[in-house]
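Each value in this text was obtained by applying a stated rule to the coordinates, not by laboratory testing. Worth saying up front: this structure is predicted, and the values here are computed from it rather than measured. Methodologically, a virtual Cβ is constructed for each residue, glycine included, from the backbone with ideal geometry; neighbour enumeration extends over all protein chains shown.
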Amino acid sequence: MALRFQEPYRSVVVTGMGVISPIGNSLGEFRDSLRAGRSGEGVITRFDPSEFLVQLACEVKQFRPGWKTLLLDPFIQYSFSAAEEAVKHAGLELEKIDPYRIGIVMGSSKGGMVTYEKTRSKYGNYLPSALHTALFYASFPPHMAAQWIAKRYHVKGPAKCFSTACATGTYSMIEGIRMVAEGEVDYCIAGATDASITKLLLAGYHNMKVYSRKGRMCPYDKLRDGFLIGEGAGVVIFESKESAKARRVPYFAEAVATHYASDGASLIHHVREAHGLSTLVTRLVGKAGLTAQDLDYINTHGTSTPDGDSYEVSELRHALKDAADRIPMSSTKSMTGHMLGASGAVEFIATCLALKEKWIHPTIHLDYPDPECDLDFVPNQFREKKVKTALTYSMAFGGHFAGIVMKE
């Protein structure tokens, strides 16, 4: 599906943002960490990781959930807190707005995995008894993050959930933009959340050989060998440009074009011959009415896997041609770890900050650039840059691709 926002579509802008992440539990903390190039990696504290070869992840730290979500899974707690910050940041008084004109899109790649593992550990062979409890069903399904936020704000408009692996967050952003652009709602609380630092998933990623055995994320570096799991949530408020002007509130960025697709090739690997990413980028730029030369910044997927990073560079060169060498790019995951379903939402927020504040966050740990990854990935130090037009995209197992072009 591709959208080009022109009449009769409404222009869609971002007026509020909220973040819970391994590098900060508010938009301000997240912003400062991005600028400083601060890493969220550390030894896992949620459980005893001693049985694993690598015992590191990028956990959310010093997070205190509100009493309303105290008993719920962390993936719900994170989205709830990020949504509250985004609503406040946008200056919205939702109780004064027609509840049928407010929408929610809150994605999660896996839902309540912490709840699942705790339940399995506690009840063992008596698991059927545990599944009769309302708390399990209120905490485990991926769509429950959206429903808890709807309950919090008495939202009666559409409440949707996407689950498209590592592209979940970007899919959620696109759907939020679409609902406002087409007039389905006037305001949309859109984002994604994941809390996947569990024994089951850590073991799975180890066995897939995508988890860093060095215990360090270093996208596009010669020494990269995989990612570290991150967690958290990113939430934004979308509304029309006319609405933001009428409310006299500033906005961070305007959505220009969106696209999501599948390469229809492999369920595990991105197949170079299918050109899924280059097709996505080419169509996005075209739908935005731009050329590659018009892009000032790209927030990349950058998972620090050997094949994934080199595939990205090959596809970006295929799509952008000579312009690829002049466009600065960076990987937010180098600091946050791979937040899985939440990644796209948090990276969308990082891109909005680049547009609003005129600087680009670095790709940290990029000490020995891989000759096969020879684009400008803004190594280790942030860069002052007037960013007028930016692109952010996500890729995922199964061949999912999604991207958004934004302007200042």
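Tabulated values for the structure
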{"quantity": "Sorted largest first, extent of segment 180-223 alpha carbons per principal axis (Å)", "calculated": "48, 28, 14"}
{"quantity": "Relative packing of peptides 104-114, 188-198 - highest average C-beta neighbours within 10 Å first", "calculated": "188-198, 104-114"}
{"quantity": "Contour minus Cα-Cα distance for residue 63 and residue 307 (0.36 nm per residue)", "calculated": "84.4 nm"}
{"quantity": "Rough spin-label spacing in nm, given labels placed 7 Å along Cα→Cβ, for residue 151 and residue 96", "calculated": "2.8 nm"}
{"quantity": "By average C-beta atoms within 10 angstrom, highest first, the peptides 224-234, 141-151, 29-39", "calculated": "224-234, 141-151, 29-39"}
{"quantity": "Counted charge near residue 388, where neighbours are those whose Cβ lies closer than 9 Å (Asp, Glu -1; Lys, Arg +1)", "calculated": "-1"}
{"quantity": "Cα centroid separation - segment 9-58 against segment 297-367, whole Å", "calculated": "15 Å"}
{"quantity": "Extension gain (nm, one decimal) between residue 357 and residue 222, 0.36 nm per residue minus Cα-Cα", "calculated": "45.5 nm"}
{"quantity": "Value at 222 nm in deg cm²/dmol, rounded to 500, when DSSP H runs of n ≥ 4 in the chain each add -39,500 (n - 2.57)", "calculated": "-9500 deg cm²/dmol"}
{"quantity": "Relative contact order, percent, segment 256-407 [alpha-carbon distance under 8 Å, six or more residues apart]", "calculated": "36 percent"}
{"quantity": "Stokes-Einstein D for segment 234-332, Kirkwood Rh over Cα pairs, 10 °C, 1.306 mPa s (µm²/s)", "calculated": "102 µm²/s"}
{"quantity": "The chain, relative contact order in percent, only Cα pairs under 8 angstrom and at least six apart counted", "calculated": "24 percent"}
{"quantity": "Value of D in µm² per second that Stokes-Einstein yields for segment 355-408, Kirkwood Rh from Cα pairs, at 4 °C (1.567 mPa s)", "calculated": "98 µm²/s"}
{"quantity": "Convex hull volume of segment 160-256 per residue (C-alpha atoms, cubic angstrom)", "calculated": "133 Å³"}
{"quantity": "Mean Cβ count within 10 Å, highest first, over the residues of peptides 389-397, 156-164, 324-332, 90-98", "calculated": "389-397, 324-332, 156-164, 90-98"}
{"quantity": "Coordinate range along principal axes, alpha carbons of the chain, Å, largest first", "calculated": "61, 53, 39"}
{"quantity": "Viscosity 1.002 mPa s, temperature 20 °C, Stokes-Einstein D of segment 256-407 from Kirkwood C-alpha radius, µm²/s", "calculated": "141 µm²/s"}
